[in-house]
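For reference, the structure is listed below as structure tokens.
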Amino acid sequence: MNIFNNRWVIILVVYTTSNLFLLLNSGVFWDDWILYALGDERITSEFVGNGVVYMGYIHIFLQNITNNPALLYHTLTFIIGLISTILFYHILNSFKIRNNIAFIATLLLAASPYNQARQTMICIPYTIGFFFLLLGVLTFIVNVKKRNICLRILSLLTIFLSFAFLNSALVMWLAFLMFFTTYIQNKLEFNLAFFKKILQQALAWLDFIILPFCFWVIRLIYFQPKELNYNTLTLDGFVFAPMNLIYTFIINFFGLISETFRPLGGKIFVIGFIITCMFLYYLLNKLKQINYEHKYFLLIGIYFFIAGLFPYVAVEKLPTFRGFDTRFQIFLPIGASFIFIFLLSVLKNTKLQKIAFVVLISSFMMANIFHQIKYQKSWFKQASLELHFKREQLLIPNRSYLIIDQTSDYDENEEGMGNYVLSGMLEKTFNQENIFAISTKDRKEFTSDREFHYYYLIEKGEFILNSSNCIKLLYLYYFDQIKYMKNVEKVLECKVLPFES
């Protein structure tokens with residue numbers, strides 16, 4: 001028996017290929033520097049300010065397990081994401097959706113290029129919250145069928161935990177509950193008898209309905225953020241919500257097209273895309289036609305897509321493909337998978353459907369690999385910069401440096417290194433906080449009258465960090481540290497120059 005005929009194996013292959021570089025990344029990015037090598041007290045202080053002090057203790061625990069906490073976080077993100085994918089497949093099967101369609105939707109979720117910020121340590125609560133919500137949904141569905149008090153309590157507990165890790169799960173849970181309450185009626189009608197059934201069903205699940213509100217009250221009493229206007233509803237957010245929902249829907253769904261085909265400008269990704277298409281076509285050769293079995297697939301997809309957008313739009317944190325705002329896309333793969341199934345079902349020819357699906361999944365996988373390699377580049381750039389920091393004699397305490405970085409295309413978001421990254425790297429390198437450095441891009445927001453003493457110029461070195469060299473460097477990191485150290489130093493050329501205002 002060919003193991004690749006097994007759907008679980010195909011799901012595993014697609015997910016693992018899409019996220020393989022996540023398992024190899026020991027990099028520290030963006031707000032990760034709040035966690036990394038800065039001490040337990042500062043971690044606790046940061047999360048007290050955000051109103052989630054318990055997350056501070058969780059991060060402290062994870063930081064102290066190993067000498068390489070970044071790799072631990074990334075491995076956990078990979079594993080939790082895989083389990084979430086499996087839960088999603090079971091949820092769709094529990095809804096009695098045709099197994100063929102449940103399988104396709106799961107592959108779309110497994111390869112989804114949304115939420116690239118999951119590659120940071122600081123964003124692991126999003127991944128955990130997503131997992132707990134799916135687990136809560138699945139146990140809820142099983143409990144509805146079996147009417148088991150233990151399952152009901154387990155469902156309530158896991159859903160509550162999803163709120164604790166990811167506040168936006170409150171909206172997503174209510175959206176699911178509303179959908180399921182309507183779904184089990186078998187027929188959508190608009191009459192008094194139908195709405196009476198809906199109300200009766202809602203009363204039977206009253207504990208699940210009031211659960212988000214109970215969490216919100218507990219949060220207001222015990223976990224209120226100390227920072228003003230932190231994730232709070234505002235009048236502007238309410239007034240502009242309809243317009244922002246339309247805007248974010250367009251840029252997050254239709255923008256996915258440009259995002260997924262963006263990697264195909266590079267030779268290595270074109271080759272990978274072609275190989276992936278051929279391999280997936282072979283694996284999915286026996287895939288049956290997607291029948292347009294449910295006229296509401298498109299509506300279901302749009303419904304869940306908007307439900308995933310709404311909690312972030314309401315607090316004016318718009319999900320986009322730019323920078324670390326991708327973390328707000330955490331729930332979008334659910335709705336997107338149904339929309340894509342509807343679009344594929346429009347193609348009535350089975351072979352054409354299969355080709356379109358294979359191209360779509362392959363482009364998703366290449367997009368994930370493309371972004372994960374960009375994170376690897378950023379990690380190697382930081383490793384090179386640390387070596388140059390250590391060897392620069394003019395980097396001394398009680399001096400201020402203006403960073404001129406001409407290698408921003410090596411950064412994960414191609415926007416240059418932020419203040420957190422520079423401060424964290426200097427503190428890690430010199431084990432002290434009295435060397436001040438800020439990039440030219442952050443200087444505009446820096447209002448202090450601090451006097452700068454030197455420029456610190458960062459330029460590309462002789463070892464160019466293209467995708468193939470990045471993979472080569474990654475291999476050397478794990479299998480030949482001597483060659484790795486020689487090459488990673490050559491990634492950058494750095495020099496200190498007298499400051500001229």
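The values are calculated or read from the model by the stated rules, or taken from the named source; none is laboratory data. Small disclaimer: the values here were computed from a predicted structure and weren't measured. As a convention, Cβ positions derive from the backbone with ideal geometry for all residues, glycine included, and neighbour counts pool all protein chains shown. The accessibility values were calculated without ligands, DNA or RNA, using every heavy atom of the protein model including side chains. Shrake-Rupley method; radii C 1.70, N 1.55, O 1.52, S 1.80 Å.
What the table below lists for this structure:
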quantity	calculated
Volume per residue of the C-alpha convex hull in region 352-430, rounded to whole Å³	96 Å³
0 to 90° range, to nearest 10: angle between helix 40-49 axis and the chain longest Cα axis	50 degrees
Most to least accessible of 286, 495 (protein chains only, probe 1.4 Å)	286, 495
Packing-based ranking, highest mean first, of 93-101, 334-342 given that Cβ atoms within 10 Å are counted	334-342, 93-101
Semi-axis lengths, Å, region 73-112, gyration tensor of Cα atoms, sqrt of 5 times eigenvalues	22, 10, 5
DSSP beta bridge pairing in the chain, given as percent antiparallel to the nearest 5	40 percent
Crossing angle, helix 297-314 versus the chain [Cα axis fit, 0-90 degrees, rounded to tens]	40 degrees
Region 313-467 - accessible surface per residue (Å², probe 1.4 Å)	41 Å²
Range of Cα positions in region 95-158 per principal axis (Å), largest first	39, 32, 8
Rounded, prolate or oblate (a/c below 1.5 giving rounded, otherwise prolate when a/b exceeds b/c) for region 409-501 by Cα gyration tensor	prolate
Residue 40 accessible area, 1.4 Å probe, all protein chains in place, Å² to nearest 10	70 Å²
Sorted largest first, extent of region 250-381 alpha carbons per principal axis (Å)	45, 39, 18
Ratio Rg/Rh, restricted to region 79-219 and using Cα atoms, in which Rh is the Kirkwood radius	0.99
Length-normalised contact order for the chain - Cα pairs under 8 Å, 6+ apart - percent	17 percent
For the chain, diffusion coefficient by Stokes-Einstein and Kirkwood Rh (Cα), 25 °C, 0.890 mPa s, µm²/s	99 µm²/s
Helix 53-63 axis, angle to the chain major axis (alpha carbon atoms, nearest 10°)	60 degrees
Of all accessible heavy-atom area on the chain, the percent that carbon and sulfur account for (1.4 Å)	63 percent
Hull shadow area, averaged, region 1-109 [alpha-carbon convex hull, nm²]	9.3 nm²
